Amino acid sequence: MTTPTTWSTDELAAFETADEVRLAVRRADGTLRRPVTIWIVRVGGDLYIRSVNGPSATWYRPVQERHEGHLEAPADRDGAGRDGVGRDVTLAAADARLDNQVDSAYRYKYGRYPNSYVNAIIADQARATTLRLRPL
């Protein structure tokens, strides 16, 4: 039996504090699609993303085929010294019982942005696409 892979403390911190991350979804043949920029939040020891445009988003549809991708957080631009980090990930539908916690995490992290952006990421259409990311 293999031990599940977990996030390192540094990886969790890098992804949690990154304002935006880039996700490249893996195609059926194993190659990566062009990365998209998305918001990410942490709830407990897990990372979550959503498609603000719902399940018809160009990047989201292929997730249903392969459930894998590559996630990257850029290096700090504020001089704090955090290096960029990247990790291959699995993308699985999140437990809907966590939707309120994920909503709260989005409100807290991105509350400085106009309400229209935050309201879009916590709307039912986006909630339906909540994915939990796990490192490979």
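What do you reckon, is Val63 in contact (Cβ under 8 Å) with a residue 24 or more places away in the chain, crowded, with 17+ Cβ neighbours inside 10 Å and under 20 Å from Ala14 (Cα atoms)? Show your work before the answer.
Details: in contact (Cβ under 8 Å) with a residue 24 or more places away in the chain: yes; crowded, with 17+ Cβ neighbours inside 10 Å: yes; under 20 Å from Ala14 (Cα atoms): no.
No: the conditions fail for Val63.
Taking only segment 108-136 into account, find how many residues are assigned to a loop (DSSP other than H, G, I, E, B) and either at positive phi or at pLDDT below 95 (or both).
Number of matching residues: 5.
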Take Val102 and decide whether it is open to solvent by 40 Å² or more (accessible area, probe 1.4 Å) and among the hydrophobic types (A, V, I, L, M, F, W, C).
no
When the residues of segment 32-43 are narrowed to those that are more than 11 Å from the chain's Cα centre (by Cα) and touching a residue at least 24 places away in the same chain (Cβ under 8 Å), which ends up nearest to Thr130 (Cα to Cα)?
Val43
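Does Arg34 qualify as being of a type in the set (D, E, K, R) and assigned to a loop (DSSP other than H, G, I, E, B)?
Numbers: of a type in the set (D, E, K, R): yes; assigned to a loop (DSSP other than H, G, I, E, B): yes.
Yes, satisfied.
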Could you please give the count of residues in segment 115-136 that are in contact with a helix residue (DSSP H, G or I) (Cβ under 8 Å, 6 or more places away or on another chain) and open to solvent by 90 Å² or more (accessible area, probe 1.4 Å)?
2
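Can you tell which of Arg107, Arg112, Arg27 is over 25 Å from Leu136 (Cβ atoms), touching a helix residue (DSSP H, G or I) at 6+ places or on another chain (Cβ under 7 Å) and open to solvent by 50 Å² or more (accessible area, probe 1.4 Å)? Break it down stepwise before answering.
Details: Arg112 fails: touching a helix residue (DSSP H, G or I) at 6+ places or on another chain (Cβ under 7 Å); Arg27 fails: over 25 Å from Leu136 (Cβ atoms).
The match here is Arg107.
Can you tell which of Arg134, Arg112, Arg127 is in contact (Cβ under 8 Å) with a residue 60 or more places away in the chain and closer than 19 Å to Phe15 by Cβ?
Details: Arg112 fails: in contact (Cβ under 8 Å) with a residue 60 or more places away in the chain; Arg127 fails: closer than 19 Å to Phe15 by Cβ.
Just one listed residue meets the conditions, Arg134.
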Out of everything in segment 11-31 that is of a type outside the set (S, T, N, Q) and over 16 Å from the mean Cα position of the chain (by Cα), what residue ends up being modelled with the lowest pLDDT?
Ala28
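The values are calculated or read from the model by the stated rules, or taken from the named source; none is laboratory data. No experiment lies behind these values; they were computed from the predicted model shown. For neighbour counting, all protein chains shown are included, and Cβ atoms are generated from backbone atoms with ideal geometry for every residue, glycine included. Side chains included, ligands, DNA and RNA excluded: accessible areas come from the protein's heavy atoms. Shrake-Rupley method; radii C 1.70, N 1.55, O 1.52, S 1.80 Å.
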